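A short worksheet on the structure shown next.
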Amino acid sequence: MASEAVTWGRSIVGEVMGNHDFLPHSSHWGAFSAAWANGELVIRPHPQDPAPSPLLDNMSSAPRHQSRIARPLVRRGWLERGPGPDPRRGSDEFVELDWDDALDLLARELNRVQSIHSANAIFGGSYGWSSAGRFHHAQSQVHRFLNCVMGGYVRSVNTYSSGAAAVILPHVIGDMQRLTRHNDLWRELADHSEMIVAFGGLPTRNSVVSSGGNSQHVAPGALRAAAARGARFVLVTPIRDDFPKEIDAEWLAPVPGTDTALMLGLAHVMVDENLQDRAFLERHTTGYDAFEDYLLGRGDGCAKTPEWAAAICGIGPDTLRKLARDMARSRTLVSVSYSLQRSQHGEQPVWMGIVLAAMLGQLGKMGGGYAFGFGSIGNIGKRPLAAPIPTLPQGKNSVADFIPVARIADLLLSPGATCDYNGQHLVYPDIRLVYWAGGNPFHHHQNLQRLAEAFQRPDTVVIHEPFSTASTRFADFVLPATITMERDDIGAAGNDPKLIAMHKLVEPFGEALDDFEIFKRLAQRLDRADAFTENRSSQEWLRHLYEPTRSALSTAGLPAPDFDTFWQSGEVDLPLSDKPSFVRSFCDDPENNPLPTPSGRIEIFSKTIAAFGYADCRGHPSWIEPAEWLGGARARQFPVQLVANQPAGRLHSQLDFGSHSMSLKVQGRERLRLHPSDARARGVRNGDIVRVYNDRGGCLAGASIDEDVRPGVAQLSTGAWYDPQAVEGIGEVCVHGNPNVLTRDIGTSSLAQGCSGQLVLVEIERFDAPPPTVTAHQGVKRAPLPAALAERVAALKKFSLK
Ligand code: PGD
């Protein structure tokens, strides 16, 4: 073990603050140590983290926040009427039950659904980031429970983050995980790139976060090093701050959602001026000719000239010409962020970015080529590990049915309907029970009003949550879960060089239990405890999951401390792989290292995709007009393009009440940024409350006037806890500023059906009435169990489980 790690661990374990030890722990936004003192967590970032995240500040008040759930809650209407669709779900009151009663009722309901409708009627996709910690990872726990105890569940595939890319990339170049997680891009950028053209920017607000942990935030340092060496950054984004302010960069602000047209304009210049690398295209790609026919308008009579592109994207043709020439002259990295593909036809810019990099002939070269998701999440661009990290086995799912993750409302609303997906026709099963742990669908899904309707359809909805998020209001069973600080765990992530001993920092709130413990007690009631626990306690699981890592370290001849030593010292350094990326191996020797695509090459034209016959995703990248963009007819009614992107003050909706998150709000509401010209046209001043609306819904937000936003564009990040209230004169709006009341619930295309929540057309007006109080953080409505219902609970419990 590295000596620094030993020092850090020991000093933390030994250091006393008042009567409290500083103990190591980890989160998606950084490793830290903390002590629980005077009702607050006092937090110190990991000493080796060069740029700790301010998101750590959100955690201090979390353990005892008023939105914590102390006892199991069951919805009153469910207790009175039993399972079944119910329009009151979402607005009903909850009653408190003790754990035994709540779990007895739930075990009976699980048993009922499984025996009458089968495991195909249980939706356990349960999407969400939950918390760092490899054992208590809520999604893994719920999947394991449903597989080992219930015989399976209808699952979801892909993520809200990168659903479009995950499906298109394997057709074009290879698996997304391998492409994004097996490289050393931050170092290459610092040392080699001459020009970085970043479509969607390189937002450090996003790269602070990594699922599972991010003990070292390397992005700011790498960007500074590249800038100091003279690297040139060109940011193609409607919002200038998708990049650190202090580093010089050129800002091109296109009409949102038009990056593919812009890239086609660049490609046209390359052909026109013979700047493309024909030898690279010849040896490494397939289908270039068909694409060139489209580019030059040989088939459709429309050449994708810089003038054509400029009319769509709003960046002048001369600027495009110069940019294309400069890209061809320099060692250029074409970077495409996650955000670009989180909108209708989001597959296209991901694909077109690869084509551009291939035309430049720079794929596989140090500091050049193509990057996807670089800056969108912390561990992309960091070297992968050469040792396994602890992983909870999830068991075997015997149910074949699945949905692309963002089709949840369609699934619940339309059993029996079909959905195109990646060449398949999926049929939505009839879902009777929804089980969620570790996610907040009433933050993350699009068109929340439609989702509310969808959640009223199943017989029963179950959620495990530490906090009273909006999603808990739409459940029948709300089971209080611990937060990571209330339990021991192991922190690790695929591209992070440290395994962290996550020590319990504080006693659980109220009667909250770990997800594992809740599932164990349910499994006992269903006579499947052994299948779920394998007769291990949670402490025994930690030791068990640590062992493969220890053994791999030992085999590699590296320091491999036993579990107790690891636990006491606080961390272990993990080795990094120095294998070249598969793209570099392919580029160096394409004949011997073919890509995992049908042709073994980069597919500029994909016969497979063309054969699917989708109008919204053709055989080569193309510009397809989205339904909601500033150049379309709908913009006459709703003339502002809202960018609903990731928040700077928190991860998604997590710890929205935390001090850093709250410090970025305006009058306690989510900040909406808009250009001075748009504010002036609407009589909006800095700090005003505004109503943001379209024909789907509306929300209130706090205005912040800002030249860093393109005219005609506004930005309202996701994650403010959904707080719908009836407001006189305008009907129901989210008074807190959740943009997903506005977004459209459609897939990116028939190919990937990814989340398309990033862009939506809206109108904005000043809200002059007395502003309604934001209640989102106050906790769910609950009451003690009334006597009449206590009798009903007793009666329900008499039904045998068999
Ligand atoms: P989180 O806020 O991280 O959001 O959606 P996601 O559902 O992941 O929710 C995690 C929940 O888990 C929190 O409520 C937290 O309290 C709970 N939790 C934490 N630890 C535990 C635990 O140990 N046990 C249990 N049971 N619960 C726990 C994020 C999703 O939103 C994502 S990934 C993206 S990229 C999307 N982005 C956009 C977007 O760009 N634009 C729009 N309009 N919408 C989006 N939604 C998506």
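The values are calculated or read from the model by the stated rules, or taken from the named source; none is laboratory data. Fair warning: this is a prediction, and the values are worked out from it, not measured in the lab. Reconstructed Cβ throughout: ideal geometry from the backbone, glycine too, with neighbour counts over all protein chains shown. Quick note on the areas: whole protein, heavy atoms, side chains included, nothing else; ligands and nucleic acids left out. Shrake-Rupley method; radii C 1.70, N 1.55, O 1.52, S 1.80 Å.
Considering only the stretch 740-794, state which residues are open to solvent by 10 Å² or more (accessible area, probe 1.4 Å), of a type in the set (A, V, I, L, M, F, W, C) and in a strand (DSSP E or B).
Within the stretch 740-794, L759, A783 meet the criteria.
Taking the options N645, N686, name whichever one is assigned to a loop (DSSP other than H, G, I, E, B), within 16 Å of the ligand (Cβ to nearest atom) and of a type outside the set (K, R).
Selected residue: N645, the only one of N645, N686 that is assigned to a loop (DSSP other than H, G, I, E, B), within 16 Å of the ligand (Cβ to nearest atom) and of a type outside the set (K, R).
So, in the stretch 88-118, how many residues would count as being open to solvent by 10 Å² or more (accessible area, probe 1.4 Å) and among the small types (G, A, S)?
4
If you check S211, S207, which single one turns out to be within 26 Å of the chain's Cα centre (by Cα), small (G, A, S), surrounded by fewer than 24 Cβ atoms within 10 Å (Cβ to Cβ) and modelled with pLDDT under 95? Steps first, please.
Numbers: S207 fails: surrounded by fewer than 24 Cβ atoms within 10 Å (Cβ to Cβ).
It is S211.
From the list L558, L595, which residue is of a type in the set (A, V, I, L, M), over 26 Å from T748 (Cβ atoms) and at pLDDT 95 or above?
Testing whether each residue is of a type in the set (A, V, I, L, M), over 26 Å from T748 (Cβ atoms) and at pLDDT 95 or above leaves just L558.
Out of A703, A726, I need the residue that is among the hydrophobic types (A, V, I, L, M, F, W, C) and open to solvent by less than 10 Å² (accessible area, probe 1.4 Å). Which one? It would help to see each step written out before you state the result.
Values: A726 fails: open to solvent by less than 10 Å² (accessible area, probe 1.4 Å).
Being among the hydrophobic types (A, V, I, L, M, F, W, C) and open to solvent by less than 10 Å² (accessible area, probe 1.4 Å) holds for just one of A703, A726, which is A703.
Out of the stretch 615-635, which residues are open to solvent by 30 Å² or more (accessible area, probe 1.4 Å) and closer than 26 Å to H284 by Cα?
Passing the criteria: R618, W623.
Of the residues that make up the stretch 335-351, is at least one in a strand (DSSP E or B), in contact (Cβ under 8 Å) with a residue 24 or more places away in the chain, under 25 Å from E625 (Cβ atoms) and touching a Gly at 6+ places or on another chain (Cβ under 8 Å)?
Narrowing the stretch 335-351 to residues in a strand (DSSP E or B): 335-336.
In the following step, the residues that additionally are in contact (Cβ under 8 Å) with a residue 24 or more places away in the chain were identified as 335-336.
Filter once more, so that each one left must be under 25 Å from E625 (Cβ atoms): 335-336.
Restricting the remaining residues to those that are touching a Gly at 6+ places or on another chain (Cβ under 8 Å) gives 335-336.
Looking through the stretch 335-351, at least one residue is in a strand (DSSP E or B), in contact (Cβ under 8 Å) with a residue 24 or more places away in the chain, under 25 Å from E625 (Cβ atoms) and touching a Gly at 6+ places or on another chain (Cβ under 8 Å).
Any chance the stretch 246-253 includes a residue that's in contact with a strand residue (DSSP E or B) (Cβ under 7 Å, 6 or more places away or on another chain), surrounded by 23 or more Cβ atoms within 10 Å (Cβ to Cβ), in contact (Cβ under 8 Å) with a residue 12 or more places away in the chain and in a loop (DSSP other than H, G, I, E, B)?
No: the stretch 246-253 contains no residue that is in contact with a strand residue (DSSP E or B) (Cβ under 7 Å, 6 or more places away or on another chain), surrounded by 23 or more Cβ atoms within 10 Å (Cβ to Cβ), in contact (Cβ under 8 Å) with a residue 12 or more places away in the chain and in a loop (DSSP other than H, G, I, E, B).
Please go through (1) part of a loop (DSSP other than H, G, I, E, B); (2) within 15 Å of the ligand (Cβ to nearest atom); (3) out of contact with any Phe, Trp or Tyr (no Cβ under 8 Å at 6 or more places or on another chain) for D616 and return the number of the only condition it doesn't satisfy.
Among (1) part of a loop (DSSP other than H, G, I, E, B); (2) within 15 Å of the ligand (Cβ to nearest atom); (3) out of contact with any Phe, Trp or Tyr (no Cβ under 8 Å at 6 or more places or on another chain), D616 violates only (2).
Working only within the stretch 258-301, note down all residues that are under 24 Å from P317 (Cα atoms) and of a type in the set (A, V, I, L, M).
A261, L262, M263, L264, L266, A267, V269, M270, V271, L275, L295, L296
Condition check ((1) open to solvent by 40 Å² or more (accessible area, probe 1.4 Å); (2) in contact with a Gly (Cβ under 9 Å, 6 or more places away or on another chain); (3) more than 16 Å from the ligand (Cβ to nearest atom); (4) basic (K, R)) across all residues:
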| position | (1), (2), (3), (4) |
| --- | --- |
| S398 | yes, yes, yes, no |
| F402 | no, yes, yes, no |
| A406 | no, yes, no, no |
| A409 | no, no, no, no |
| T418 | yes, no, yes, no |
| I431 | no, no, yes, no |
| N440 | no, yes, no, no |
| H443 | no, yes, no, no |
| S468 | no, yes, no, no |
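Restricting to the stretch 633-642, and then to whatever is more than 21 Å from the chain's Cα centre (by Cα) and in contact (Cβ under 8 Å) with a residue 12 or more places away in the chain, can you tell me which residue is nearest to the ligand (Cβ to nearest atom)?
Q641
Being touching a helix residue (DSSP H, G or I) at 6+ places or on another chain (Cβ under 7 Å), open to solvent by less than 10 Å² (accessible area, probe 1.4 Å), away from the ligand (no atom under 11 Å from the Cβ) and under 20 Å from L542 (Cβ atoms): is that true of I490 here?
yes
Might you let me know whether the stretch 320-328 holds any residue that is surrounded by 24 or more Cβ atoms within 10 Å (Cβ to Cβ) and free of Cβ contacts under 8 Å to residues at least 40 places away in the same chain?
No, because not a single residue in the stretch 320-328 is surrounded by 24 or more Cβ atoms within 10 Å (Cβ to Cβ) and free of Cβ contacts under 8 Å to residues at least 40 places away in the same chain.
So is L169 more than 16 Å from the ligand (Cβ to nearest atom) and touching a strand residue (DSSP E or B) at 6+ places or on another chain (Cβ under 6 Å) or not?
So L169 fails the test.
So R521 ticks every box in (1) open to solvent by 20 Å² or more (accessible area, probe 1.4 Å); (2) part of a helix (DSSP H, G or I); (3) more than 15 Å from the ligand (Cβ to nearest atom) but one. Which box is left unticked?
All conditions are met except number (3).
Going through A452, A437 one at a time, which residue ends up being over 25 Å from S60 (Cβ atoms) and assigned by TED's automatic domain parsing to the domain that holds T549?
One residue alone meets the criteria, A452.
Just name the residue that is nearest to D57 (Cα to Cα) out of those in the stretch 619-642 that are in a helix (DSSP H, G or I) and of a type outside the set (D, E, K, R).
Looking at residues that are in a helix (DSSP H, G or I) and of a type outside the set (D, E, K, R), I get A635.
Looking at R528, R584, which is the one that is closer than 29 Å to G368 by Cα and either basic (K, R) or open to solvent by less than 40 Å² (accessible area, probe 1.4 Å) (or both)?
Numbers: R528 fails: closer than 29 Å to G368 by Cα.
That would be R584, the only listed residue that is closer than 29 Å to G368 by Cα and either basic (K, R) or open to solvent by less than 40 Å² (accessible area, probe 1.4 Å) (or both).
Under 29 Å from E40 (Cβ atoms), within 16 Å of the ligand (Cβ to nearest atom) and open to solvent by 40 Å² or more (accessible area, probe 1.4 Å): is that true of R696 in this structure?
It is false that R696 is under 29 Å from E40 (Cβ atoms), within 16 Å of the ligand (Cβ to nearest atom) and open to solvent by 40 Å² or more (accessible area, probe 1.4 Å).
So, in the stretch 648-672, exactly how many residues are of a type in the set (A, V, I, L, M, F, W, C) and near the ligand (Cβ under 8 Å from one of its atoms)?
Residues flagged as of a type in the set (A, V, I, L, M, F, W, C) and near the ligand (Cβ under 8 Å from one of its atoms) within the stretch 648-672 amount to 2.
So, K504, is that one open to solvent by 10 Å² or more (accessible area, probe 1.4 Å), within 16 Å of the ligand (Cβ to nearest atom), basic (K, R) and within 23 Å of D656 (Cα to Cα) or not? Don't jump to the end; show me each part of the working.
Numbers: open to solvent by 10 Å² or more (accessible area, probe 1.4 Å): yes; within 16 Å of the ligand (Cβ to nearest atom): yes; basic (K, R): yes; within 23 Å of D656 (Cα to Cα): yes.
For K504, the condition - open to solvent by 10 Å² or more (accessible area, probe 1.4 Å), within 16 Å of the ligand (Cβ to nearest atom), basic (K, R) and within 23 Å of D656 (Cα to Cα) - is met.
Give me the pairs: first residue in the stretch 466-493 and under 23 Å from E109 (Cα atoms) and without any contact (Cβ under 8 Å) to a residue 60 or more places away in the chain, second residue in a helix (DSSP H, G or I) and within 8 Å of the ligand (Cβ to nearest atom), beta-carbon distance under 6 Å, and six or more apart or on different chains, which are they?
S471/P441
Check off (1) away from the ligand (no atom under 14 Å from the Cβ); (2) open to solvent by 10 Å² or more (accessible area, probe 1.4 Å); (3) in contact with a helix residue (DSSP H, G or I) (Cβ under 6 Å, 6 or more places away or on another chain) for L185 and give me the number that stays unchecked.
(3)
Report yes if some residue within the stretch 126-143 is among the hydrophobic types (A, V, I, L, M, F, W, C), farther than 25 Å from L266 by Cα, out of contact with any Leu (no Cβ under 7 Å at 6 or more places or on another chain) and part of a loop (DSSP other than H, G, I, E, B); otherwise report no.
Taking every residue of the stretch 126-143 in turn, at least one turns out to be among the hydrophobic types (A, V, I, L, M, F, W, C), farther than 25 Å from L266 by Cα, out of contact with any Leu (no Cβ under 7 Å at 6 or more places or on another chain) and part of a loop (DSSP other than H, G, I, E, B).
Against the condition open to solvent by 10 Å² or more (accessible area, probe 1.4 Å), of a type outside the set (D, E), under 24 Å from the mean Cα position of the chain (by Cα) and more than 10 Å from the ligand (Cβ to nearest atom), how does R450 come out, does it pass?
yes
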